[in-house]
Amino acid sequence: MTGDSAGGNLSAAISLMARDQNGLQIAFQALLYPATNASLDDPSIEEFADAPILSKAGIIAFRRHYERSPEDHKNPYFSPMRAESLDDLPPALVVTANFDPLRDDGRNYAERLRAEGTPAEWINYPRAIHGMFSRPNHVEHAQEAYRLVIDRFQHHLGAAD
């Protein structure tokens with residue numbers, strides 16, 4: 001399962017829901033600059049508040065389309081960092097872009113996954129921006145990141161090259 005930005009949020013939420021409801025058996029999750037913390041209190045949110053592609057104002061505007069009320073921010077399926085536990089989830093690769101307001105969000109999620117026993121790898125691309133997967137021919141390291149995600153999926157799904 002994979003998703004980028006809001007799709008990363010949905011992928012993390014579906015992984016939580018599958019675990020909580022004994023649903024689908026998800027083998028692996030690749031979360032690409034995911035939005036996992038509705039509190040918007042990570043330092044990179046302010047550091048890159050006016051970043052290209054995705055700004056803090058953009059995050060807030062997009063979030064308004066997703067939320068029914070501010071109470072949703074407490075729901076772990078809206079804000080996966082709110083989950084009581086992140087154990088017993090599928091292994092994860094969390095990819096972030098350094099010049100992205102969601103950078104710390106992704107890093108913190110990966111660190112918490114690891115701390116709670118879920119195998120998780122965090123990779124930050126130092127010269128990348130939010131949305132790099134949508135611009136593989138224009139953003140340095142985007143193609144490298146694609147190859148990394150494919151490699152990890154092949155590994156976790158037992159596929160050959």
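Out of residues 5 or more away from Asn98 or on other chains, whose amide H comes under 5 Å of its own, with H placed 1.01 Å from N in the peptide plane?
Tyr125, Arg127, Ala128
With unit charges on the beta carbons (Lys and Arg positive, Asp and Glu negative) and the dipole taken about the Cα centre of the chain, which residue among Leu113, Ile26, His138 sits farthest to the positive side?
His138
Taking a probe of 1.4 Å, how large is the accessible area per residue of the stretch 9-127, in Å²?
Accessible area per residue, the stretch 9-127: 48 Å².
Filter the trypsin sites (Lys or Arg not before Pro) in the stretch 64-149 to those in DSSP coil with at most 10 other Cβ atoms within 10 Å of their Cβ, and list the result.
Hits after loop and neighbour filter: Arg68.
Give the whole-number value, in cubic angstrom per residue, of the convex hull volume spanned by the C-alpha atoms of the stretch 86-132.
It comes to 59 Å³ per residue, whole-number rounded.
Under a point spin-label approximation (7 Å from Cα along Cα-to-Cβ), what is the Asp88-Tyr66 distance to one decimal in nm?
2.5
What distance in nm separates the simple spin-label points at Asp20 and Ala159, each placed 7 Å from Cα in the Cβ direction?
2.9
Looking only at the chain, where both bridge partners belong to it, what percent of the DSSP beta bridges are antiparallel (to the nearest 5)?
0
Please list, in order along the stretch 124-134, the HN-Hα scalar couplings obtained from phi with the Karplus expression 6.51 cos²θ - 1.76 cosθ + 1.60 (θ = phi - 60°), rounded to whole Hz, x for Gly and Pro.
Coupling constants for the stretch 124-134: 10, 8, x, 10, 9, 10, 4, x, 4, 5, 7 Hz.
How compact is the stretch 23-161 by the rule of thumb for globular proteins, expressed as Cα Rg over 2.2 N^0.38 Å?
With N residues counted in the stretch 23-161, Rg over 2.2 N^0.38 Å equals 1.06.
Is there a quick way to get the dipole size of the chain? I mean about its Cα centre, with the Cβ of Lys and Arg at +1 and of Asp and Glu at -1; what is the value in debye to the nearest 20?
300
Taking H as built 1.01 Å from N, whose amide H comes closer than 5 Å to the amide H of Gly3, not counting residues under 5 places away?
Placed amide hydrogens put Ala30, Leu32 under 5 Å from Gly3.
Once phi is turned into ³J(HN,Hα) by the Karplus curve 6.51 cos²θ - 1.76 cosθ + 1.60 with θ = phi - 60°, what whole-Hz value does each residue of the stretch 40-45 show in order, with x for glycine and proline?
The phi angles translate into 6, 10, 6, x, 5, 4 Hz.
Quick one: order Ser39, Ser11, Ser85 from most to least accessible surface, probe 1.4 Å.
Largest to smallest exposure gives the sequence Ser39, Ser85, Ser11.
Residue by residue, what Karplus-based ³J(HN,Hα) values in Hz, rounded to whole numbers, does the stretch 73-78 have, using 6.51, -1.76 and 1.60 with θ = phi - 60° and x for Gly and Pro?
Along the stretch 73-78, the couplings run 4, 8, 7, x, 7, 9 Hz.
The values are calculated or read from the model by the stated rules, or taken from the named source; none is laboratory data. Since the model is a prediction, treat every value here as computed from it, not as a measurement. For neighbour counting, all protein chains shown are included, and Cβ atoms are generated from backbone atoms with ideal geometry for every residue, glycine included. To get the accessible areas, we keep the full protein, side chains included, count just its heavy atoms, and leave off ligands, DNA and RNA. Shrake-Rupley method; radii C 1.70, N 1.55, O 1.52, S 1.80 Å.
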